[in-house]
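Worksheet: the structure to be examined is printed underneath.
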Amino acid sequence: MNKTHIQARRVAVCGMLLALMLVLGFVESQLPVAAGIPGIKLGLSNGVLIFAVYMLNVPTAYLLMVLKVLLSGMLFGNPSAMMYAFAGGLLSLTVMCLLSRMKDLSPVVVSMVGGLCHNVGQVLLAMIILNTPKLVYYMAILMAVGLVTGLATGLAANGIIRRFRKEKTPRV
């Protein structure tokens with residue numbers, strides 16, 4: 001494969017993953033996961049980021065996260081939603097990238113910790129913006145939810161990663 005073909009393939013894969021993240025984000029926004037409890041989401045697109053961390057590379061995962069936050073914010077959200085999504089995504093992805101280097105940790109565990117960190121990032125930003133330290137109490141609920149949703153997305157991502165590795169699909 002020549003360099004142009006590899007670059008075109010990388011762009012195509014990233015475009016498909018970004019589109020998948022946007023569709024999953026839209027589907028998630030239509031589901032009444034926990035009506036009445038703000039901040040509760042399934043985090044479906046987190047599975048795509050786990051895949052990117054393990055099967056692509058760290059810079060690509062960050063690019064996908066930033067593009068997903070910007071595009072989904074412009075399409076489905078608002079500037080404040082984008083701020084919170086970016087704060088949670090940045091902390092979550094950074095921790096997941098660091099943990100993914102530990103050979104003994106499975107993508108499922110990495111995803112669960114990522115779910116926790118996403119909620120921590122969002123609550124910390126809210127505490128700073130609103131100058132309300134009492135929001136830390138709400139974090140307990142969000143952390144429990146983050147573990148469960150991180151488990152679900154981690155299991156899905158792990159299954160896909162195993163399948164790609166089994167098929168010996170070339171990395172892009």
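The values are calculated or read from the model by the stated rules, or taken from the named source; none is laboratory data. Bear in mind the structure is a predicted one, so any value in this text is a computation, not a measurement. Ideal geometry is used to build each Cβ from the backbone, glycine not excepted, and the neighbour counts take in all protein chains shown. Heavy atoms of the whole protein, side chains included, go into the accessibility calculation; ligands, DNA and RNA do not. Shrake-Rupley method; radii C 1.70, N 1.55, O 1.52, S 1.80 Å.
Which of the following residues is at pLDDT below 95, in contact with a Phe, Trp or Tyr (Cβ under 9 Å, 6 or more places away or on another chain) and crowded, with 16+ Cβ neighbours inside 10 Å: Ala157, Ala85?
Ala157 is the lone residue from the list that is at pLDDT below 95, in contact with a Phe, Trp or Tyr (Cβ under 9 Å, 6 or more places away or on another chain) and crowded, with 16+ Cβ neighbours inside 10 Å.
Being aliphatic (A, V, I, L, M) and open to solvent by 50 Å² or more (accessible area, probe 1.4 Å) is the filter here; which residues of region 124-134 pass it?
Leu124, Ile128, Ile129, Leu130
Surrounded by fewer than 19 Cβ atoms within 10 Å (Cβ to Cβ) and more than 11 Å from the chain's Cα centre (by Cα): which single residue out of Leu90, Leu71 fits that description?
Result of the check over Leu90, Leu71: Leu71.
Under the condition of being under 16 Å from Ala81 (Cβ atoms), of a type outside the set (Val, Ile, Thr) and at pLDDT below 80, which residue from region 30-46 is least open to solvent (accessible area, probe 1.4 Å)?
Gly39
Here is a check on your reading of the model: is Val108 surrounded by 20 or more Cβ atoms within 10 Å (Cβ to Cβ) and not small (Gly, Ala, Ser)?
For Val108, the condition - surrounded by 20 or more Cβ atoms within 10 Å (Cβ to Cβ) and not small (Gly, Ala, Ser) - is not met.
Which condition number does Val172 fail, the rest of (1) hydrophobic (A, V, I, L, M, F, W, C); (2) farther than 30 Å from His5 by Cα; (3) modelled with pLDDT under 90; (4) open to solvent by less than 70 Å² (accessible area, probe 1.4 Å) being met?
With respect to (1) hydrophobic (A, V, I, L, M, F, W, C); (2) farther than 30 Å from His5 by Cα; (3) modelled with pLDDT under 90; (4) open to solvent by less than 70 Å² (accessible area, probe 1.4 Å), Val172 is out only on (2).
Within region 2-107, considering only helices (runs of 4 or more DSSP H) that don't extend past its boundaries, which have at least 2 residues that are without any contact (Cβ under 8 Å) to a residue 40 or more places away in the chain?
3-30, 58-76, 79-100
Can Ile50 be described as touching a Pro at 6+ places or on another chain (Cβ under 6 Å), surrounded by 13 or more Cβ atoms within 10 Å (Cβ to Cβ) and under 18 Å from Gly146 (Cα atoms)?
Yes; evaluated as a whole, the condition is true for this residue.
Evaluate region 47-68: report whether one residue or more is aliphatic (A, V, I, L, M) and modelled with pLDDT under 90.
no
Could you list, in sequence order, the residues of region 103-123 that are in contact with a helix residue (DSSP H, G or I) (Cβ under 9 Å, 6 or more places away or on another chain) and of a type outside the set (A, V, I, L, M)?
Of everything in region 103-123, those that are in contact with a helix residue (DSSP H, G or I) (Cβ under 9 Å, 6 or more places away or on another chain) and of a type outside the set (A, V, I, L, M) turn out to be Ser106, Pro107, Ser111, Gly114, Gly115, Cys117, His118, Asn119, Gly121, Gln122.
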